[in-house]
Each structure stands twice: as structure tokens, then as C-alpha cells.
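Peer 1: I am attaching a structure below and will ask some questions about it afterwards.
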Amino acid sequence: MLITETLARFLSSHKLSLWYAGQFDDSITLELIELAEFDVKAEGLGKSKKKVSFLMAESFQNIVRHKLDYSNEPTREGVFGILSKDKAVSIFSANIIEDEHVKEIKDRLENVNQLSPEELKQYYRKALSEGKFSEKGGAGLGLIGMARKSGRPLQYDFKDLDDVNLFSLQIDHQVKSDDDSCQVSTS
């Protein structure tokens with residue numbers, strides 16, 4: 001009961017709180033996009049509504065494309081969440097990845113986080129034009145796109161779980177001053 005009460009107090013000041021843990025696949029991604037587009041009413045959110053929808057979908061897709069298959073162990077599949085408070089939106093994802101991918105992902109995140117908005121734009125165009133796709137179908141555009149749309153550094157962590165790693169990613173987005181009338185509520 002103490003955990004429930006603590007969580008309830010923490011979430012009571014948030015305009016929106018959505019958390020999902022379990023199996024991740026493309027059918028759930030479609031549901032998430034519909035939720036972002038239709039169930040979340042955002043008066044005066046302007047450009048931020050599209051950005052938040054993009055960030056939610058991209059974060060979720062990151063789990064779908066890069067998770068290890070734990071279909072026999074759903075508690076290890078992944079976690080996705082979004083919180084909205086005042087003029088800030090935070091999107092959180094976590095999934096299990098193979099040890100061999102940690103350095104590559106960490107290097108990409110560090111690189112993306114140190115680039116200016118103009119450098120990110122150029123880096124995105126370069127990655128798009130080179131068209132080098134990984135075995136999972138990505139060209140590294142997701143992290144670049146998330147950094148560009150959020151306008152903030154991507155926060156991340158890797159936790160060693162013996163033979164695999166838990167990769168956590170948080171994307172923060174501040175609603176711009178031209179969207180000051182933002183009111184987020186669920187229907």
C-alpha cells in the first residue's frame with residue numbers, strides 16, 4: 001500500500017501519465033500513435049503536439065526494433081512511459097540489449113548529445129543520404145531525430161545484467177513559449 005500511495009502522490013501533479021510494460025510489437029506501436037493523436041487533447045500545443053507524437057512513436061519503435069526476444073519471459077520485454085507536467089513532457093523507455101551493442105549505442109548517444117541543432121540537421125541529412133541500414137533496418141536516424149525534435153540532450157543509462165544490459169532512455173521536451181496555452185488532458 002505504501003508504494004501505491006507514494007506513486008499516487010507523485011503522479012497527482014502530472015497532467016498525463018502513461019506507463020506500459022510487457023511485450024512490444026508493431027501492433028502496439030499503432031495503438032500508441034492513435035493514443036498520441038486522438039486520446040490526448042492538446043489545446044494550443046501547436047508544433048509541440050507533433051513533436052511529442054514523434055518522440056513517443058520513435059522511442060517505442062526503438063524498443064520494438066532493438067529489443068532481445070523474451071517472448072517466453074514478458075517481464076523482461078521492456079518498459080515505456082510518458083509524463084507531462086506543467087510545460088514539460090518526459091518520455092521514458094527501457095529494454096534489454098546484447099552486451100555487444102552497448103559501446104555502439106553509447107558512442108552514438110554521446111555524439112548526438114554534443115552536436116548543435118545545425119550540426120544535428122547536417123548529421124541527419126548525411127545519415128539519410130548514405131543509406132547504410134543495419135540488420136534491424138535502421139540507419140541510426142532515430143536517435144538523431146529524437147535529439148532534433150526534443151531540442152535537449154538524450155539521457156541514457158546502461159545497467160549490466162550479466163550476459164545482457166538494460167538500456168534506459170529518457171527524452172525531455174519543453175513546450176515552447178509560443179505554446180504557452182498548452183492544456184493536456186485525457187478523454
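Only the coordinates and a few stated rules stand behind these numbers; no lab work does. Note that the structure is predicted; figures quoted are calculated from it, not measured. Cβ: placed from backbone, ideal geometry, glycine included. Neighbour counts: every protein chain shown.
Peer 1: What list of ³J(HN,Hα) couplings, whole Hz, do you get for region 48-55 from phi and the Karplus terms 6.51, -1.76, 1.60, once you set θ to phi - 60° and write x for glycine and proline?
Peer 2: With coefficients 6.51, -1.76 and 1.60, one gets 5, 4, 5, 5, 5, 4, 4, 4 Hz.
Peer 1: Ok, one more. Testing the spin-label approximation: label points 7 Å from Cα along Cα→Cβ at D163 and L30. State their distance in nm.
Peer 2: My value for the distance between the label points is 3.5 nm.
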